[in-house]
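Novice: After the structure tokens below, expect a handful of questions from me.
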Amino acid sequence: MSSSTTISAIALIVSTLALLVSAMTAWLTFLRRGTVKMTQPTVIFFGYDEKKSPKIFLRALLHSTSKRGRIIESMYVTLSCEELSVGFDVWVYGHRNELVRGSGVFVNETGVEANHHFLMAQDSRHFAFISGQYRLNVYAHLLGDSRRKLLFSQDLVVPSDFAEVIGEHDAGLYFDWRPERAQYASHVDQRPRSFWESAKV
């Protein structure tokens with residue numbers, strides 16, 4: 001094989017590899033839809049709002065796995081205990097007094113950090129927190145996807161003595177994430193008035 005033929009072959013290989021890299025970059029940047037993921041919530045709250053309606057609160061980061069980002073149409077929570085399963089499908093998110101009803105939220109690769117409040121619809125609020133082991137699931141509907149996306153799932157225990165005081169004197173049950181133990185630690189605490197004001201729908 002002549003030197004000119006060898007050089008031509010090498011140039012062809014380099015050009016082909018460059019084309020493949022360009023195609024892969026374009027796919028990763030512009031074409032790949034990716035999905036949305038949620039970080040481990042630092043805090044989860046079980047309790048009631050100012051109208052004594054059941055409520056779940058959590059704080060976490062939502063981020064997209066693609067550079068083009070994704071749009072969340074809606075989010076909701078399901079809570080199950082033994083044979084009981086209920087949905088909290090009224091979603092409100094934001095920071096303190098800047099909370100808004102969740103709808104059409106764009107999530108990019110750097111993420112969106114916010115407080116997420118989940119409440120029951122007006123016609124399905126006959127529910128009370130009882131003692132037992134619960135499974136908490138957080139779901140999202142992404143624009144363009146036909147199926148819901150499970151963002152987070154966690155088993156949480158509500159002790160009997162804690163269940164008795166949830167809702168009394170504006171008290172709620174908090175689960176704080178303990179990273180060194182890789183588990184949640186629960187405690188009952190009374191919420192300040194600012195908590196209610198930041199959580200209005």
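Novice: May I ask you to list the residues in segment 90-101 that are among the acidic types (D, E) and in a loop (DSSP other than H, G, I, E, B)?
Specialist: None - no residue of segment 90-101 is among the acidic types (D, E) and in a loop (DSSP other than H, G, I, E, B), so the list stays empty.
Novice: Here's a follow-up. In segment 30-44, what residues are touching a strand residue (DSSP E or B) at 6+ places or on another chain (Cβ under 9 Å) and either of a type outside the set (G, A, S) or in a strand (DSSP E or B) (or both)?
Specialist: The answer is R33, T35, V36, K37, M38, T39, Q40, P41, T42, V43, I44.
Novice: Please list, ordered by first then second residue, the pairs with beta carbon atoms under 8 Å, 6 or more apart or interchain, first in segment 102-114 and in a strand (DSSP E or B), second of a type in the set (F, W, Y) and surrounded by 12 or more Cβ atoms within 10 Å (Cβ to Cβ).
Specialist: Final answer for the pair search is V105/Y93; A114/Y93.
Novice: Could you please let me know if F129 is touching a helix residue (DSSP H, G or I) at 6+ places or on another chain (Cβ under 7 Å), more than 15 Å from V43 (Cα to Cα), of a type outside the set (A, V, I, L, M) and at pLDDT 85 or above?
Specialist: When the stated conditions are applied, F129 passes them.
Novice: From the list Y139, Y184, Y134, exactly one residue is more than 15 Å from G87 (Cα to Cα), hydroxyl-bearing (S, T, Y) and in contact (Cβ under 8 Å) with a residue 12 or more places away in the chain. Which is it?
Specialist: Y184
Novice: Condition first: on the phi < 0 side of the Ramachandran plot and either modelled with pLDDT of 75 or more or exposed (fewer than 10 other Cβ atoms within 10 Å of the Cβ) (or both). Now tell me which residues in segment 14-46 satisfy that.
Specialist: T35, V36, K37, M38, T39, Q40, P41, T42, V43, I44, F45, F46
Novice: Can you tell me which residue in segment 117-153 is surrounded by the fewest Cβ atoms within 10 Å (Cβ to Cβ), limited to those that are part of a strand (DSSP E or B) and hydroxyl-bearing (S, T, Y)?
Specialist: S153
Novice: Among the residues of segment 160-191, which ones are among the charged types (D, E, K, R) and within 20 Å of the chain's Cα centre (by Cα)?
Specialist: D176, R178
Novice: Evaluate the following for T78: is it closer than 24 Å to W177 by Cβ and surrounded by fewer than 16 Cβ atoms within 10 Å (Cβ to Cβ)? Give the derivation first.
Specialist: Working: closer than 24 Å to W177 by Cβ: yes; surrounded by fewer than 16 Cβ atoms within 10 Å (Cβ to Cβ): no.
For T78, the condition - closer than 24 Å to W177 by Cβ and surrounded by fewer than 16 Cβ atoms within 10 Å (Cβ to Cβ) - is not met.
Novice: Another question, if that's okay. Can we say E50 is assigned by TED's automatic domain parsing to the domain that holds E164 and free of Cβ contacts under 8 Å to residues at least 40 places away in the same chain?
Specialist: no
Novice: Does V86 satisfy the criteria of being modelled with pLDDT under 95, surrounded by 12 or more Cβ atoms within 10 Å (Cβ to Cβ) and within 12 Å of the chain's Cα centre (by Cα)?
Specialist: no
The values are calculated or read from the model by the stated rules, or taken from the named source; none is laboratory data. Just so you know, these numbers come straight off a predicted model, no measurement behind them. Every residue, glycine among them, receives a Cβ derived from its backbone with ideal geometry; neighbour counts consider all protein chains shown.
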